[in-house]
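What follows draws every value from the coordinates through simple rules; no lab data is involved. Small disclaimer: the values here were computed from a predicted structure and weren't measured. Virtual Cβ from ideal backbone geometry, glycine too; neighbours counted across all protein chains shown.
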Amino acid sequence: MDAPSLNQTPLNSVHRRAGGRMVDFGGWDMPVQYPLGTVEEHMRTRTHAGLFDVSHMGEFEVRGPGAIPFINRLCSNDVTKLVDGQAHYSALTTPRGTVVDDLLVYRFNSEHLLLVVNASTTGKDWDWIKSHHADEDVKLTNRSPDFCQLALQGPDALGILQQLTATPLEEIKYYHFREGEVDGVPAIISRTGYTGEDGFEVYAASDKAEQLWERILETGKHDTPQGVTPCGLAARNTLRLEAAMALYGHEIDEETTLLEANLGWITKLNKGYFTGREALAKQKEEGIRRKLVGFEVTERGIARDGQDVYVNGAQVGQVTSGSPAPYLKKNIGLAYVPVEFASAGQEIQIDVRGRKVGAQIVATPFYKRERAAK
């Protein structure tokens, strides 16, 4: 019996022609890196611009008079606070206050929202949302196959993308978006990203993916000598880790609550009922017992996902994400530890292949970009 074939984004053949090393990522055939290598892709994004194919992400459209009340009931953040043309980060929560998935919620108007969810959980999320539809007047549409999504990230991103659109990008605030055209293609232009850098995510019809990808790369090469480079999943991961952004299946899942994951800022307990509110309110009142922390390795060694964390010889937690940080030139990671060991400066050890390697808990994010003075 043949193994099921992997899902492909509209740019699959482009990645292969460009020498992308393809891997199975949650059932998707995706480039993990290009010939330049992960470190160079990471550094180019931090210093110039990197282009990422994130067309594997899922998109759900919610329309109708009940759109905002319905999504507000399922998500932790307060959708009623959004204005037209604004997005926010949120989470679908279980009755226990744990995470079905993290997502972006885009508000086009009071009766039109777009939810952007993780690729590997798109099917699960769609089933979850549909199963919780009560009597709200909404129409739900899984638009995932209709969209491509390209993320142009880095300090040169605005200058490169502006050459391809009449939409005044400087006017788009962080976590806001406009509908416009990019290289003549109707698009949603969103000032969002998953790298810790300024940048944009462009949503357009899936059959326009190759045109937009090639035009952005071509424009970037003319814009600066360094140009824009295509980037794979590995650089996306090291960039988000330096910025201490959660990855579903690592820092957050259906066994971790938002409060444990330092996501209290997207947990609006005062907005009224939402799934998991009661459990989260109780946990906040009683206090969490474990907490997600960042750490730097202080001895020779690299912490990796899944390795055990020790304090005074006792195993107290586990690394959720660990990697060298190319820009910071350190070995860093995220881990859950009991709250009594969660303060910056706490000495810990990581079991790296049977060897206890010293590390120290530090404040996060590890990296924060400098913002231009206004």
Virtual spin-label span in nm between residue 265 and residue 17, 7 Å along Cα→Cβ: 4.1 nm
Whole-Hz ³J(HN,Hα) from phi, Karplus 6.51 cos²θ - 1.76 cosθ + 1.60, for segment 174-181, glycine and proline x: 4, 6, 10, 8, 9, 9, x, 10
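For segment 180-273, what does the equivalent ellipsoid look like in terms of its semi-axes, each the square root of 5 times an eigenvalue of the Cα gyration tensor, given largest first in whole Å? Present the calculation step by step, with values, prior to reporting the outcome.
On the way: eigenvalues 214, 65, 29 Å².
After diagonalising the Cα gyration tensor, the semi-axes are 33, 18, 12 Å.
Could you work out the relative contact order of segment 289-362? I mean the mean sequence separation of Cα pairs under 8 Å and 6+ apart, divided by the number of residues, in percent. Don't skip to the answer; put the middle values down first.
Numbers: 188 pairs, mean separation 29.7, N = 74.
For segment 289-362, the relative contact order is 40 percent.
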Largest-first principal axis extents, alpha carbons of the chain, Å: 61, 61, 54
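For 208, 124, 282, what's the fewest-to-most ordering of other Cβ within 10 Å of each Cβ? It would help to have the intermediate numbers written out before the result.
On the way: 208 21, 124 16, 282 10.
Ordered from fewest to most neighbouring Cβ atoms within 10 Å, 208, 124, 282 come out as 282, 124, 208.
Ranked highest first by the average count of other Cβ atoms within 10 Å around their residues, in what order do 246-252, 141-147 fall? Spell out each step's value before the answer.
Numbers: 246-252: 20.1, 141-147: 15.4.
Answer by packing, highest mean first, reads 246-252, 141-147.
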Straight-distance crosslink candidates among lysines, where the alpha carbon sits under 18 Å from residue 130 and sequence neighbours closer than 8 are dropped: 139
Relative contact order computed over segment 1-243 (Cα-Cα under 8 Å; 6+ residues apart), in percent: 25 percent
19 Å reach of a label modelled at residue 130, 7 Å along Cα-to-Cβ, counting backbone N of segment 36-63: 57-63
Karplus (6.51, -1.76, 1.60) ³J(HN,Hα), θ = phi - 60°, over segment 107-120, in Hz, Gly and Pro reported as x: 9, 8, 7, 5, 10, 8, 10, 10, 9, 10, 10, 5, 4, 6
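Would you mind checking the pairs 282/356; 124/291; 284/356 and listing those with alpha carbons more than 28 angstrom apart? Can you show the working numbers first?
Details: 282/356 37 Å; 124/291 26 Å; 284/356 34 Å.
Listed pairs above 28 Å: 282/356; 284/356.
Given the Cα-Cα distance of residue 39 and residue 314 and 0.36 nm per residue of separation, how much length would full extension add, in nm?
On the way: separation 275, 0.36 × 275 = 99.00 nm, distance 3.45 nm.
Full extension from residue 39 to residue 314 adds 95.6 nm.
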Top of 66, 232, 184 by mean-square fluctuation, Gaussian network on the chain, Cα under 10 Å: 184
10 Å-binned pair-distance histogram of segment 289-362 (Cα, whole percent): 23, 62, 15, 0
Ranked 177, 25, criterion: other C-beta atoms within 10 Å, fewest first: 25, 177
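Please report Rg over Rh for segment 1-160, where both radii come from the alpha carbon positions and Rh follows the Kirkwood definition. Intermediate values should be presented prior to the final figure.
Details: Rg = 17.9 Å, Rh = 17.5 Å.
Across segment 1-160, the Cα-based Rg/Rh ratio is 1.02.
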Cα-based radius of gyration of segment 98-174 once divided by 2.2 N^0.38 Å, which approximates compact folds: 1.41
